[in-house]
Amino acid sequence: MKSGTEFVAVDKDIQKKLNKIHRDVKLIKERSNQQYLELVISNLKKDFIYAINSYLSEDNESNLDKSMVEKCGMRNTCKANFTEFLNKNRSLINEDQLPGEKINHHRDELEKMKTEAPFDKCEICFSEVFDLFQKQVKLIRSLNIYQNNGNNKEGISLISEESIVKEVLEPLAHKQRIQIIKSLSSSTQTFSNLSQITGLRGGNLLYHLQKLIDKNLIIQRHDRGDYMITEKGNKLLGILTQMNDLIEK
């Protein structure tokens, strides 16, 4: 017959074993839930990538049709080559991990195609292809499939000098244009108000407003209506604020 002390020891031993079993069961459940969650996320990502691929394919086709030079004997040939290039770049979305070298290789390939272009008007078509290429790169980055090496070298290597100059530096490289978007950051403004703010009159003010409108930094709500800042303009204004902080430090 076991003594009371022995029963207590046995009871503690059983309790330890039960606790271990409980921990093991809990761990199995957690792992099962994690595996299920990973499976769900994986399937959602596949569906999302399929949808993005379909969208990009249609978007490429539509934009090339709309933006390429109409009266050009090379139009159909160039469109086929551009489509093949964009589809090849688009297929990178399907990769789980994507070294930036592949994107850079494709960018260099597109630059080479441009240098071999025979006509001045080819610039129009290549400008559209570069824009579509950049859109693809942004989506790839948003899907988080770039390898992260703990620094921003890949992001730096992906900077498009041409796009940065055309879309950011040129439209903002004027004091009055910055004054315009600053004044629109908090409220809409009339043409008359902007004239007082900038000191520009008539056609001079209209010229600078059109530059900002062309780059989608501001819009006019309707013909002869107030001007207002766009989301893109607001984001660039935020970047200017950060730059100003750096200058003043």
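Observations on the structure shown:
- Of all residues in the range 118-133, one or more are farther than 23 Å from E167 by Cα and surrounded by 11 or more Cβ atoms within 10 Å (Cβ to Cβ).
For every residue, the table says whether it meets (1) outside any loop (DSSP other than H, G, I, E, B); (2) over 29 Å from the mean Cα position of the chain (by Cα); (3) among the acidic types (D, E).
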{"site": "L200", "(1), (2), (3)": "no, yes, no"}
{"site": "N204", "(1), (2), (3)": "yes, yes, no"}
{"site": "H208", "(1), (2), (3)": "yes, no, no"}
{"site": "K211", "(1), (2), (3)": "yes, no, no"}
{"site": "I219", "(1), (2), (3)": "yes, no, no"}
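- Flag if D245 is without any contact (Cβ under 8 Å) to a residue 24 or more places away in the chain and of a type in the set (D, E): yes
- Selection from the range 182-225 of residues that are charged (D, E, K, R) and either farther than 24 Å from E167 by Cβ or touching a helix residue (DSSP H, G or I) at 6+ places or on another chain (Cβ under 8 Å) (or both): K182, R201, K211, D214, K215, D223, R224
- Applying the criterion of at least 2 residues that are among the polar types (S, T, N, Q) and at pLDDT below 85 to the helices (runs of 4 or more DSSP H) found wholly in the range 68-185 leaves 122-142.
- Tally, over the range 186-198, of residues that are part of a loop (DSSP other than H, G, I, E, B) and either exposed (fewer than 12 other Cβ atoms within 10 Å of the Cβ) or without any contact (Cβ under 8 Å) to a residue 12 or more places away in the chain (or both): 2
The values are calculated or read from the model by the stated rules, or taken from the named source; none is laboratory data. Computed from a predicted model, the values in this text were never measured in an experiment. Note that each Cβ is placed from the backbone with ideal geometry, even for glycine, and that neighbours are counted across all protein chains shown.
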